[in-house]
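This report refers to the structure that appears directly beneath it.
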Amino acid sequence: MPRFLALDASTEACSVAYCGEHGVTELFVEAPREHMQRLLPMVDEVLAGQGLALRDLDAIAFARGPGSFTGLRICLGVVQGLAFGANLPVIPVSTLAALAQSALDVHPVPAGARILSAIDARMDEVYWGRFECGVDGLVRALGDEQVSAPEQVIAPAPLCFGIGSGWNYGARMPRDACAVIDAAALPRAGAVARLALPLWSAGAAVSAEEALPVYLRDNVAWAKNP
C-alpha cells in the first residue's frame, strides 16, 4: 500500500490528509484567505500524527483545480517545495472530482449514480464536471470539465446529485434534474488522497516541475485564440 500526503486549497477550505495502510487521516478547516499560513503547519501535524517524515512517503497528491486562482497557486507552491525537498513524485487530482468524491462521504450515493460538481467561478460563471459513482466507491469523469454561465450547465441523466457552491446560483442551475442538492459541500484532501490511489497505479504521477494547476478559464481562452 503506497503512502500519500494530499493537499487541497482550491476553495475557501484548506485540508491535508494522509493515506496509507490504515486508511485516511485528515485535517480540514474552512479558512478563507488563510491558506498560506495554514497549509504547512497542517502538513507537519498530519505527518507527526503518523510518526512519519516526508522521506517516508511515496508521493504527494494535490487538488490541481479548477478553483481559486490564489489558492491553487499557494497549494502548488507548497507541494512543489515539499516534493523537491524529499525527491517525491506528485499526483494532480481534479478539484471537481474531489468534490464529487467528498459527497460520497456525506450522502448515500449508489453505484451508477451521477454527480454534477459545480464550483462558483465568480464573474457569473461556474466550474462544472459530471461524474459517475463506480462500484468501487470512487468517482469517474463523464466528459471534460468546463466553465460556463450557470444556464449552460448540463446535468447527466438519469439520477443526478448536485454538489458544490455553484448550486448557489439557484434556478439558473439545472435543479429540476438533480435529486439532491448540497451547495455547502467543499472538496477535501481525504477525497484527493483516495482518488490518487488509482492514478498512482495507472502511472499518472509526475515530477514536481511538471505539476501544473488547471484554471479552465486559461484553457477556454487558448481554445478560442489558438
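Read-outs throughout are calculated quantities, based only on the coordinates presented, and are distinct from any laboratory measurement. Remember, it's a predicted structure, so these values are computed and weren't measured experimentally. Note that each Cβ is placed from the backbone with ideal geometry, even for glycine, and that neighbours are counted across all protein chains shown.
A compact table of results
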| item | result |
| --- | --- |
| Formal net charge of residues neighbouring R3 (Cβ-Cβ distance under 13 Å; K, R +1; D, E -1) | -2 |
| Prolate/oblate/rounded call for region 51-111, Cα gyration tensor, a/c under 1.5 rounded | oblate |
| Spatial separation of Cα centroids for region 45-93 and region 102-117, in angstrom | 26 Å |
| Rounded if a/c under 1.5, otherwise prolate or oblate - region 118-209, Cα gyration tensor axes | prolate |
| Degrees separating the helix 35-50 axis from the principal Cα axis of the chain, which is the longest one | 60 degrees |
| Neighbourhood charge, 12 Å Cβ-Cβ cut-off, centred on V29 and excluding it, Lys, Arg +1 and Asp, Glu -1 | -4 |
| Packing-based ranking, highest mean first, of 88-95, 201-208 given that Cβ atoms within 10 Å are counted | 88-95, 201-208 |
| Proximal charge balance of V147 [Cβ under 9 Å; K/R count +1, D/E count -1] | -1 |
| Packing-based exposure ordering (other Cβ within 10 Å, fewest first) of D8, D44 | D44, D8 |
| Most positive-pole-ward Cα, A31, V93, H107, against dipole of the chain from beta carbon charges | V93 |
| Unit charges on C-beta of K, R, D, E only; dipole of region 95-182, Debye | 120 debye |
| Acute angle (nearest 10 degrees) that the helix 189-201 long axis makes with the longest principal axis of the chain, alpha-carbon atoms | 80 degrees |
| Three-way shape label, region 1-135, alpha-carbon gyration tensor, a/c 1.5 | oblate |
| Cα long-axis angle, helix 69-86 against the chain (0 to 90 degrees, to the nearest 10) | 30 degrees |
| Relative contact order [Cα under 8 Å, 6+ residues apart], the chain, whole percent | 24 percent |
| Cβ crowding within 10 Å averaged over residues, with 186-199, 113-126 ranked highest first | 186-199, 113-126 |
| Residue exposure sequence - H35, H107 - by fewest surrounding Cβ within 10 Å | H107, H35 |
| Charged-residue dipole, Cβ positions (Lys, Arg, Asp, Glu), the chain about Cα centre, Debye nearest 20 | 260 debye |
